[in-house]
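Working notes, beginning with the structure itself.
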Amino acid sequence: MRIPVIKGIIERRILANYSIDPEIIAKILPAPFRPKLIQNRAIGGVCLIRLNKIRPKIFPLPWGIQSENAAHRIAVQWTVQGKTLEGVYIPRRDTNSLLNTLAGSRLFPGVHHRAVFTVHETKSSFSVSLKSKDGEVDVAIAGNISEKLPSTSVFSSLEEASAFFEAGSLGYSVTRSPHRFDGMELRCKNWKIQPLAVDSIRSSFFEDKSRFPEGSVKFDCALLMSDINHEWLGREDLCCTNATNATLTS
């Protein structure tokens, strides 16, 4: 189903990023996705995003809904009809909004799970945590705005990190069909990121040793976006039965 154009404001978006052994993440990714690499490492993470004034673009008045949301993301590439594309694969979405849950794959891409979010913020410090109601997801991050990335990051500069994540604007989300992924593109009117110096971080997904054996994943960096005017544009579903049989459908 084609998702309508949605517009609004990203009040706060934290990208908590992990560098991952590409052979390990390749086992998790479904066809046709393969990991996008930097410094021979794959990149995955959790996007913790508060949206406000979210509404279909066809509605002229500046009203809309506010919600806290989380998306587990993996930077990927894939091939369609001989052309290599890139974006993010989204295996899990969580939200505090009942509307988002009910409207998954209609107004918003993919299956949305209900979660409880706890948020404490100032102008320079951020603490965001969530626990899903099905008990599958437990995420927490706390940190402060910084001027630079950690010295251990795979990204050589903030500019390199910014370009990497801006290129991942096209996302494909898991649906109730194992061979169909909902597509959506993020278009930011004023793309800008800042580093976050992280005091603590927890992720039940990336700390799961059954998925990621010891030494295969480590925290890389966290980035912050604030007060971003944006649009979400529905893109063709991605349907496939194997790695060499990927098609885009309306």
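The values are calculated or read from the model by the stated rules, or taken from the named source; none is laboratory data. Model, not experiment: these values are computed from the prediction. Virtual Cβ from ideal backbone geometry, glycine too; neighbours counted across all protein chains shown. Keep in mind that these areas ignore ligands, DNA and RNA; they rest on the heavy atoms of the full protein, side chains included. Shrake-Rupley method; radii C 1.70, N 1.55, O 1.52, S 1.80 Å.
Within the set of other residues whose C-beta is less than 12 Å from the C-beta of Gly143, count the net charge using Lys and Arg as +1 and Asp and Glu as -1.
Values: positive: none; negative: Glu121, Asp199.
Charge balance near Gly143 sits at -2.
Multiply the residue separation of Leu98 and Ala31 by 0.36 nm, subtract the distance between their alpha-carbon atoms, and state the gained length in nm to one decimal.
Net length gain for the segment: 21.1 nm.
DSSP loop (so not H, G, I, E, B), at most 15 other Cβ within 10 Å: list which trypsin sites (Lys or Arg not before Pro) in region 105-152 pass both filters. Intermediate results must be reported in sequence, preceding the final value.
On the way: sites: Arg106, Arg114, Lys123, Lys131, Lys133, Lys148; in loops: Arg106, Lys123, Lys133, Lys148.
Loop-located and lightly packed - Arg106, Lys123, Lys133, Lys148.
Using only helices, what value at 222 nm comes out for the chain when you add -39,500 (n - 2.57) per DSSP H run of length 4 or more and divide by the total residues, to the nearest 500 deg cm²/dmol? Please report the intermediate quantities before stating the final value.
Details: 3 runs with 21 residues, N = 250.
Calculated mean residue ellipticity at 222 nm is -2000 deg cm²/dmol.
Find the eigenvalues of the gyration tensor of the Cα atoms of the chain, then list the square roots of 5 times those eigenvalues as equivalent ellipsoid semi-axes, largest first, in whole angstrom. Show your work: numbers first, answer last.
Values: eigenvalues 119, 112, 62 Å².
Square roots of five times the eigenvalues give 24, 24, 18 Å.
Any idea of Tyr172's accessible area? Nearest 10 Å², probe 1.4 Å.
10 Å²
Using only Cα atoms, locate the centre of region 167-184 and the centre of region 217-236, then give the distance between them in Å, rounded to an integer.
15 Å
Distance in nm between label sites at Glu136 and Ala197, each 7 Å beyond Cα in the beta-carbon direction?
Rounded to a tenth, the inter-label distance reads 3.7 nm.
For each pair in Lys7/Lys123; Lys7/Lys192; Lys131/Lys192; Lys123/Lys192, compute the distance between the two Cα atoms and list the pairs where it is over 20 Å.
Working: Lys7/Lys123 24 Å; Lys7/Lys192 18 Å; Lys131/Lys192 28 Å; Lys123/Lys192 16 Å.
Check vs 20 Å cut-off fails for Lys7/Lys123; Lys131/Lys192.
Can you tally the net charge around Val154? Count Lys and Arg as +1, Asp and Glu as -1, for every other residue whose Cβ sits under 15 Å from the Cβ of Val154. It would help to have the intermediate numbers written out before the result.
Numbers: positive: Lys36, Arg41, Lys148, Lys218; negative: Asp21, Glu159, Glu160, Asp220.
For residues surrounding Val154, the net value is 0.
To make sure I understand the rule: partners must be lysines, Cα under 24 Å from the Cα of Lys133, and not fewer than 8 residues away in the same chain. Which ones qualify?
Those lysines meeting the cut-off are Lys209.
In nm, to one decimal, how far is the Cys188 label point from the Glu166 one, both placed 7 Å along Cα→Cβ?
Once both label points are built, they end up 0.9 nm from each other.
Quick one: accessible area per residue over the chain, 1.4 Å probe, rounded to a whole number of Å²?
Working: 11830 Å² over 250 residues.
That works out to 47 Å² for each residue.
Longest span of the chain, sites excluded, free of GluC sites (Glu not before Pro) in DSSP loop with at most 10 other C-beta atoms within 10 Å? Before the final figure, lay out the partial values.
On the way: sites that count: Glu147, Glu214.
For GluC sites (Glu not before Pro) (loop position, at most 10 other Cβ atoms within 10 Å), the longest site-free span of the chain is 1-146.
Carbon and sulfur together cover what percent of the accessible area of the chain at a 1.4 Å probe radius? Present the calculation step by step, with values, prior to reporting the outcome.
On the way: 6040 of 11830 Å².
Carbon and sulfur: 51 percent of the exposed surface of the chain.
Taking the Cα-to-Cβ direction at Ser177 and at Ser210 and moving 7 Å from each Cα, how far apart do the two end points lie in nm?
The modelled label-to-label distance comes out at 2.8 nm.
Once you list every other residue whose beta carbon is under 9 Å from the beta carbon of Ala75, what net charge do they have if Lys and Arg are +1 and Asp and Glu are -1? Let's see the in-between values first.
Details: positive: Lys36, Arg73; negative: Glu86.
Cβ neighbours under 9 Å give a net charge of +1.
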